[in-house]
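What follows is one structure encoded as structure tokens, with my remarks underneath.
Read-outs throughout are calculated quantities, based only on the coordinates presented, and are distinct from any laboratory measurement. From a predicted model like this one, the values you see are computed outputs, not experimental measurements. All Cβ positions, glycine included, derive from the backbone under ideal geometry; neighbour counts span all protein chains shown.
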Amino acid sequence: MIVIPGPASLGLGWRIASELGVEPHTVEHRVFPDGESYIKLTKPVQGEAVAIVQTTSPNPDTRLMQLLLMAQTAKDFGAKRVVAVIPYLAYARQDKRFLDLEALSLDVVVRLLEAAGVSDLVVVNIHNEASVRAIEAKHGVKVHNLSAVPLLAEYLKKKGFDRAYSLSPDKGAIYIAEAASKVLGGGFNFFEKTRDRKTGEIRMEIKNLDIAGRRAVVFDDMISSGGTMAKAVEALKAQGAERVAAACTHVLYMPGAEEKIRTAGADPILSTDTIETPFSRVTVAGLIAGKLRELG
Ligand code: R5P
């Protein structure tokens with residue numbers, strides 16, 4: 001399979017190619033002063049299966065547009081199959097209409113990818129696992145949703161969090177804490193979280209956990225404003241947790257998030273390289289390469 005690292009995922013794209021033992025195809029790209037993107041593939045793709053690696057944060061709209069340009073161009077020049085590797089899939093949080101007349105954003109994104117010739121979508125910890133089935137029921141795109149949680153837990157296990165308690169910030173993400181607990185071995189639980197859809201204000205019910213003097217890790221799919229993670233960490237510290245790590249697959253790196261989470265008492269804060277930030281401690285290259293090997 002040909003690996004094409006897109007402009008948003010140069011590091012990860014090259015690491016995936018290296019895991020697969022192939023030379024990546026580079027892409028010529030630039031952004032014009034008015035914000036439009038220019039894309040040119042640099043090697044033929046006729047008759048080949050190609051994997052285009054392009055995450056979609058920061059600047060999700062530009063990154064998505066570049067991905068569409070790369071996918072359609074590969075198709076136009078005869079690629080037999082186009083796999084979009086989107087380590088962090090933007091717009092996945094809007095997988096339902098929460099309010100009347102809202103856009104169904106995830107659906108629109110998948111429609112565009114399909115129209116550009118994408119047959120397979122490889123993502124890491126999509127926001128809502130249930131949306132995978134919803135996409136496949138409605139579109140001709142196969143979705144491969146990989147989990148980086150065991151990798152994060154393995155990393156933490158080596159850094160003194162063996163037997164730590166694993167927590168998810170809400171009930172819907174309990175499967176994340178459960179998967180982490182299989183590696184760390186210290187049990188798992190979840191917070192009761194509610195968010196006001198209009199104001200964005202978060203409320204988290206704090207359980208009486210047997211956490212005093214113990215280590216804990218809060219696992220989430222993403223950190224955006226940092227509000228959710230900070231509240232969870234704060235609650236655990238208030239209940240006497242000795243040390244709390246904040247781990248997530250994707251850090252969107254919004255201004256102020258780090259300070260909020262550190263002030264709450266988290267140490268360390270870590271994520272994967274689905275979006276490259278100073279918190280990327282774990283690479284998903286091997287995980288994605290394994291899936292691409294399967295897809296041939
Ligand atoms: C929500 O359902 C997600 O899993 C995350 O908890 C959320 O997106 C994190 O956002 P923030 O950092 O803005 O609280």
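Of the GluC sites (Glu not before Pro) found in region 1-75, those in coil by DSSP whose Cβ has at most 15 other Cβ atoms within 10 Å are Glu36. Loop-resident chymotrypsin sites (Phe, Trp or Tyr not before Pro) (DSSP state other than H, G, I, E or B) in region 79-168 with no more than 16 further Cβ atoms inside 10 Å of their Cβ: Phe98. The dipole here belongs to region 111-199: it is taken about the Cα centre, uses +1 on the Cβ of Lys and Arg and -1 on the Cβ of Asp and Glu, and is about 180 debye.
If you place +1 on the Cβ of every Lys and Arg and -1 on the Cβ of every Asp and Glu, how big does the dipole about the Cα centre of the chain come out, in debye to the nearest 20?
Once rounded to the nearest 20, the dipole reads 480 debye.
Taking H placed 1.01 Å from N in the peptide plane, check which residues at least 5 places from Phe190 or on another chain put their amide H under 5 Å from its amide H. Answer set, sorted by chain and number: Ser168. Residues in region 33-39 carry Karplus couplings, in order, of x, 7, x, 6, 9, 10, 9 Hz; the curve used is 6.51 cos²θ - 1.76 cosθ + 1.60 with θ = phi - 60°, and Gly or Pro positions show x. Karplus-based coupling profile of region 245-256, in residue order and whole Hz: 9, 10, 10, 8, 6, 10, 9, 7, 6, 7, x, x, with θ = phi - 60° in 6.51 cos²θ - 1.76 cosθ + 1.60 and x standing for Gly or Pro.
Counting every alpha-carbon pair across region 149-273, the share separated by more than 20 Å comes to 34%. Taking the average, over residues, of other Cβ atoms within 10 Å as the packing measure, peptides 145-154, 276-285 rank 145-154, 276-285 from highest down.
Using the Cα coordinates of the chain, the gyration tensor eigenvalues translate into equivalent-ellipsoid semi-axes of 35, 21, 17 Å, sorted from longest to shortest.
Relative intensity of region 1-160 on a log10 scale, I(q)/I(0) at q = 0.14, 0.18, 0.21 Å⁻¹, equals -0.73, -1.13, -1.41, per a Debye sum over C-alpha point scatterers of equal strength in the absence of solvent. So what is the calculated 222 nm ellipticity per residue for the chain, using -39500 (n - 2.57) for each DSSP H run with n of 4 or more, over all residues, to the nearest 500 deg cm²/dmol? My calculation for the chain gives -10000 deg cm²/dmol from helical runs alone. Across region 149-273, C-alpha contacts under 8 Å between residues 6 or more apart give a mean separation that, scaled by the residue count, equals a relative contact order of 23 percent. Taking amide H as placed 1.01 Å from N in the peptide plane, the amide H of Val122 sits under 5 Å from that of Ala84, Val85, Ile86, His144, each at least 5 places away or on another chain. Each of Met204, Met70 has some number of other Cβ atoms within 10 Å of its Cβ, and from fewest to most they run Met204, Met70. For region 123-194, just say rounded, prolate or oblate: build the C-alpha gyration tensor, square-root its eigenvalues into a ≥ b ≥ c, call rounded for a/c under 1.5, and beyond that prolate if a/b exceeds b/c, oblate if not. Oblate, because a/c is 1.5 or more while a/b does not exceed b/c. When the Cα positions of Leu270, Thr56, Gly187 are compared along the charge dipole of the chain, Gly187 comes out farthest toward the positive end, with charges on each C-beta of Lys, Arg, Asp and Glu. Cross-link pairs exceeding 28 Å in C-alpha to C-alpha distance, out of Lys75/Lys96; Lys182/Lys291; Lys75/Lys142; Lys157/Lys198; Lys158/Lys237, comprise Lys75/Lys96; Lys157/Lys198. Taking Asp100, Asp220, Asp162 in turn, the Gaussian network model of the chain (Cα-Cα springs below 10 Å) assigns the largest fluctuation to Asp100.
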